[in-house]
Each structure stands twice: as structure tokens, then as C-alpha cells.
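Colleague: Submitted below is the structure of interest, expressed as C-alpha cells.
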Amino acid sequence: MRNVHDRLRAALAVTRQALADGEPAEPATRDLLLFCHGFCTALTAHHQGEDRDLFPAIAAQHPELRETLRYLQQDHSMIAHLLAGLKAAVARTASAAELDQHLEGLAAIMESHFSYEERRLLTVLETLALDADPDAVLGPL
């Protein structure tokens, strides 16, 4: 999980750098569109895999974590909403300042979510019996 989170953090950093490197007159450069699409797709797939496969397996084997899992799923929903806002801003070629606000908000929520998830679930994952491919659940390691 931590490896996937680190890759998503790096993808966000590359996306933010693409924005910083863009021309002021046209902030939604081809690089930004490419990096944003890749980042948004990877983060969405990661959360969908957790919601679909990982969290039900954890809940079945560790019912004491159900409240934690509900909280994490709420985060997933909020992050999906923020990603939709970012995609819409990129599609309408919003200003660099607006795009940076979207990315800053995503970075803050994502970091808080990842840190909490790692604190609460990493030890559980070490012994979890999961009948699914980890790459399909979490994303490529």
C-alpha cells in the first residue's frame, strides 16, 4: 500500500510540475493534460479497488475496523468529487492559479487520507488473506 501511495504522490508532483512549467497564456498544456489524466485515472482505480476488494476483506476479518473503513470510503468519495472538479477545470483550460488551487486541495486531502490509511491498515495488511491480485486492488506496485 505504501508503495502505491508513494507512486501516486510522485504522479501528483509531476502533474504539479507540468502546471508550473506551462506557459502563462495556456496553462492547460499537453503535458498537464497527460499527467492530470494519468494521475486522476490511477488514483480513481486505486480507490475503486480498495472499495471493491480490499475493504470488504478487511471488514470480514477485522470487524473492529468497519468504522475506519467507512471513514476511508467517505474520503474516497470526497477525493472523487475533487478529481471531477480538477478534470472540469483542465477541460475548460482554467487559469494556472485555479488549477493550482485544485491540485493543492487534492494534495492536502490525499496526504491526510494516505497517512491515516497507512497508520490504521498497514499492520492489518501484513496478515490479511486476500483472494485478489494486489495490483488489481491497489494499483501497480
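Colleague: Would you point out which residue out of GLU104, GLU67 is loosely packed, with under 14 Cβ neighbours inside 10 Å and under 18 Å from ARG7 (Cα atoms)? Give the steps one after another, and end with the answer.
Modeller: Working: GLU67 fails: under 18 Å from ARG7 (Cα atoms).
Testing whether each residue is loosely packed, with under 14 Cβ neighbours inside 10 Å and under 18 Å from ARG7 (Cα atoms) leaves just GLU104.
Colleague: Count, please, the residues in segment 111-134 that happen to be surrounded by 11 or more Cβ atoms within 10 Å (Cβ to Cβ), among the hydrophobic types (A, V, I, L, M, F, W, C) and more than 13 Å from MET1 (Cα to Cα). Don't jump to the end; show me each part of the working.
Modeller: We begin by selecting, within segment 111-134, every residue surrounded by 11 or more Cβ atoms within 10 Å (Cβ to Cβ); these are 111-118, 120-122, 124-125, 128, 130, 132, 134.
In the following step, the residues that additionally are among the hydrophobic types (A, V, I, L, M, F, W, C) were identified as 114, 121-122, 124-125, 128, 130, 132.
Remaining after also requiring more than 13 Å from MET1 (Cα to Cα): 130, 132.
Counting residues in segment 111-134 that are surrounded by 11 or more Cβ atoms within 10 Å (Cβ to Cβ), among the hydrophobic types (A, V, I, L, M, F, W, C) and more than 13 Å from MET1 (Cα to Cα) gives 2.
Colleague: Got at least one residue in segment 33-41 being hydroxyl-bearing (Ser, Thr, Tyr), within 26 Å of LEU122 (Cβ to Cβ) and touching a helix residue (DSSP H, G or I) at 6+ places or on another chain (Cβ under 6 Å)?
Modeller: Checked segment 33-41: no residue is hydroxyl-bearing (Ser, Thr, Tyr), within 26 Å of LEU122 (Cβ to Cβ) and touching a helix residue (DSSP H, G or I) at 6+ places or on another chain (Cβ under 6 Å).
Rule-based calculations on the coordinates, nothing more; no lab input. Owing to the predicted nature of the structure, the values given are computational and were not obtained by experimental measurement. Cβ: placed from backbone, ideal geometry, glycine included. Neighbour counts: every protein chain shown.
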